[in-house]
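These notes are about the structure you will find just below.
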Amino acid sequence: MKVRVDGAVCQGHTLCAMTAPKLFVLRDEDGHAQAVSEEVPADQEELAREAARSCPEQAIVLF
Amino acid sequence: MTAEEDRTGDSRRTGDRISLDRHSTRYRTDFEGLSDEFHAKCPVAWNQEHGGHWFVTGNRQLFDLARRADVLSNDADVRNERRGYDGISIPAIPKERRNGMVGGFIEMDPPAQRHYRNALNPYLSPAAVARWQPVIDEITRACLDEVIETGSIDFVDDLANIVPAVLTMAMLGLPLADWGVYCEPTHASVYTPPGSPDWQRVRDLSVKMAGRLAESLRGIRDNPRPGLVNAVLTADIDGSRPDDGEALGVVQLLIGGGFDTTTALTAHSLEWLAHHPGERDRLSSQWESLRDSATEEFLRYFTPAVGDGRTISQDVEINGTRFGEGERVWLSWAMSNRDASVFDDPHTVRMDRTGNRHASFGLGIHRCIGSNVARATFKTMLRAVLDRMPDFACDPARAVHYDTTGVINGMKHLPATFTPGERLGAGLAETLTKLQRAVDEQRLAEPVTVRRERAVLDD
Ligand code: SF4
């Protein structure tokens, strides 16, 4: 599984980092999210799905 | 009208018409029934009240519309220089009553709106807010110490009004001791309608507050000190600095946003926990695992800011509804948060709910800029109450909810009793003096781009 945050859609709600802190980092200046790495470790896949479901802007792309 | 037109739907003509005054008792007392009805029958309805406007409650429909900054405008064109739009209030505030006032960047469109947010985000991002945690803890501690020996508290007056207000003052760069000048008029003007017996008094307090604020702004313009006020005064908005009136509107937006909403969330959540003691004990004992999900669930369920108005800025068809330029729209965050197609059992609080993509902070480019402050402050107050007053009991007969929940779903008073405990430190006044020193000496109100370290408070 791979993950990416669509920077044009993310508005910095921070739910993703709250749900899956190992997968997402928030920029200091505005709290917008980035994936720590594109590869999702096998034991984090469930959290990745949960983060994607929780994102109010639906900015998280799993592929 | 042809059958085809009828099917693709102009809701103004096809029967998806409603008539709902959000300030009515019906909206407040039959909120759940109305939500279910609208979701089933007319997730995008034409509401004939307040001059006619779209009323969007379906979660999917709201999601598809609210993020369309290309077809929505927040503009409050108070001098009729552009298209005369009326900002975010429905019913609209009459232009002659505004005295040229724009309600900050939530009543602006990009690029100006974006310039303000870029200037203020480094004060309000998660990393920026984390630096304030020791201060939030300390204000909360002092508030509880003021009442801990008595066994009784008003959760609104003695806690939930004070902590967000003092913290907001600190972040703005205004004197902490001034919080009381701002607190009452900010809350009371939300729930005191014109014509009520208390209206004149609240108005007088608001005038006094505006005067004090204008004076503080001038002071910071002449002698800059770190904080959001300074960021507003020096912001580069399309190549120029905001004038006094515009700056005042922006700072008032930050005060209004910072004060009333977190208070509303905290009071409602504490009231709910008092009436669900089993859930309260569960939250307390499983705090680490439930803290975040419970917070999001309280945000969803109680949605402090119930919605926002917009104006359609160009003709557009979305999901079969044709919106016309100039028409007004109410985005009901509160009702979309109760849509059963997205939230199982939507009218029940489930503290461990997953996939909770509520819209309580709004959606799209106007997402609440203070959301990280709200979450941190709320969690701190809740944890402290659960620790120090674990058996608190609220008397339903003495709890006072806002008479109208058309703008903010808030509470005026929430008295409670609990087994008295011991003080841990100084009272509020002394604590504020100490905190003011820390704010000044450590320049805590600088943006995170300038100062990264957490506040350090010695005892
Ligand atoms: S939850 Fe969504 S909008 Fe919020 S920071 Fe994460 S990706 Fe961005």
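The values are calculated or read from the model by the stated rules, or taken from the named source; none is laboratory data. Just so we're clear, the structure is a prediction, and the values are computed from it rather than from any experiment. Cβ placement follows ideal geometry from the backbone for every residue including glycine, while neighbour counts extend to all protein chains displayed.
Miscellaneous remarks
- All positions within region A:28-63 that are assigned to a loop (DSSP other than H, G, I, E, B), touching a strand residue (DSSP E or B) at 6+ places or on another chain (Cβ under 7 Å) and either more than 10 Å from the ligand (Cβ to nearest atom) or among the basic types (Lys, Arg) (or both): A:VAL36, A:GLU38, A:VAL40, A:PHE63
- Of the listed requirements (1) more than 7 Å from the ligand (Cβ to nearest atom); (2) outside any loop (DSSP other than H, G, I, E, B); (3) touching a residue at least 40 places away in the same chain (Cβ under 8 Å), A:CYS16 misses just one: (1).
- Filter result (in contact with a Gly (Cβ under 9 Å, 6 or more places away or on another chain) and of a type outside the set (S, T, N, Q)) within region B:375-422: B:ARG388, B:MET389, B:HIS401, B:TYR402, B:GLY406, B:VAL407, B:PHE418, B:PRO420, B:GLY421
- Selection status of B:ARG375, charged (D, E, K, R), in contact with a Leu (Cβ under 9 Å, 6 or more places away or on another chain) and more than 17 Å from B:PRO304 (Cα to Cα): no
- Filter result (surrounded by fewer than 19 Cβ atoms within 10 Å (Cβ to Cβ), facing another protein chain (nearest Cβ under 9 Å) and among the charged types (D, E, K, R)) within region A:1-45: A:ARG27, A:ASP28, A:GLU29
- Those residues of region B:320-345 which are touching a residue at least 40 places away in the same chain (Cβ under 8 Å), under 19 Å from B:TRP272 (Cβ atoms) and in a loop (DSSP other than H, G, I, E, B), in sequence order: B:ASN337, B:ARG338, B:PHE343
- From the options B:ALA142, B:ALA130, B:ALA69, residue that is in contact with a Lys or Arg (Cβ under 8 Å, 6 or more places away or on another chain) and at negative phi: B:ALA130
- Members of region B:363-372 that are within 12 Å of the ligand (Cβ to nearest atom), buried (at least 22 other Cβ atoms within 10 Å of the Cβ) and assigned to a loop (DSSP other than H, G, I, E, B): B:LEU363
- The one condition from (1) over 28 Å from A:ALA59 (Cβ atoms); (2) touching a Gly at 6+ places or on another chain (Cβ under 9 Å); (3) of a type in the set (Gly, Ala, Ser); (4) surrounded by 22 or more Cβ atoms within 10 Å (Cβ to Cβ) that B:GLY100 does not meet is (4).
- Members of region B:333-391 found to be within 13 Å of chain A (Cβ to nearest Cβ) and polar (S, T, N, Q), listed by number: B:SER336, B:ASN337, B:THR354, B:ASN356, B:SER360, B:SER371, B:ASN372
- Which numbered condition B:GLY100 misses (of (1) free of Cβ contacts under 8 Å to residues at least 12 places away in the same chain; (2) within 21 Å of B:LEU233 (Cβ to Cβ)): (1)
- Residue within region B:408-416 that is in contact (Cβ under 8 Å) with a residue 24 or more places away in the chain, closer than 24 Å to B:ASP178 by Cβ and part of a loop (DSSP other than H, G, I, E, B) present: yes
- Some residue of region B:110-119 being without any contact (Cβ under 8 Å) to a residue 40 or more places away in the chain, more than 14 Å from chain A (Cβ to nearest Cβ) and over 20 Å from B:LEU414 (Cβ atoms): no
- Considering region B:166-273, the qualifying helices (runs of 4 or more DSSP H), each wholly inside and each with 3 or more residues that are charged (D, E, K, R), run over B:199-222.
- Single match in B:ALA384, B:ALA340, B:ALA393 (criterion: closer than 22 Å to B:ALA66 by Cα and surrounded by fewer than 23 Cβ atoms within 10 Å (Cβ to Cβ)): B:ALA340
- Some residue of region B:72-94 being out of contact with any Ser or Thr (no Cβ under 8 Å at 6 or more places or on another chain), within 18 Å of B:VAL316 (Cα to Cα) and not in a loop (DSSP other than H, G, I, E, B): no
Here's the yes/no breakdown for (1) assigned to a helix (DSSP H, G or I); (2) at pLDDT below 95; (3) crowded, with 18+ Cβ neighbours inside 10 Å:
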{"position": "B:THR405", "(1), (2), (3)": "no, yes, yes"}
{"position": "B:PRO420", "(1), (2), (3)": "no, no, no"}
{"position": "B:ARG423", "(1), (2), (3)": "no, no, no"}
{"position": "B:ALA426", "(1), (2), (3)": "no, no, no"}
{"position": "B:ALA429", "(1), (2), (3)": "yes, no, no"}
{"position": "B:THR433", "(1), (2), (3)": "yes, no, no"}
{"position": "B:GLN436", "(1), (2), (3)": "yes, no, no"}
{"position": "B:VAL439", "(1), (2), (3)": "yes, no, yes"}
{"position": "B:LEU444", "(1), (2), (3)": "no, no, yes"}
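- Output for region B:189-236, where each listed residue is touching a strand residue (DSSP E or B) at 6+ places or on another chain (Cβ under 7 Å) and hydroxyl-bearing (Ser, Thr, Tyr): B:TYR191
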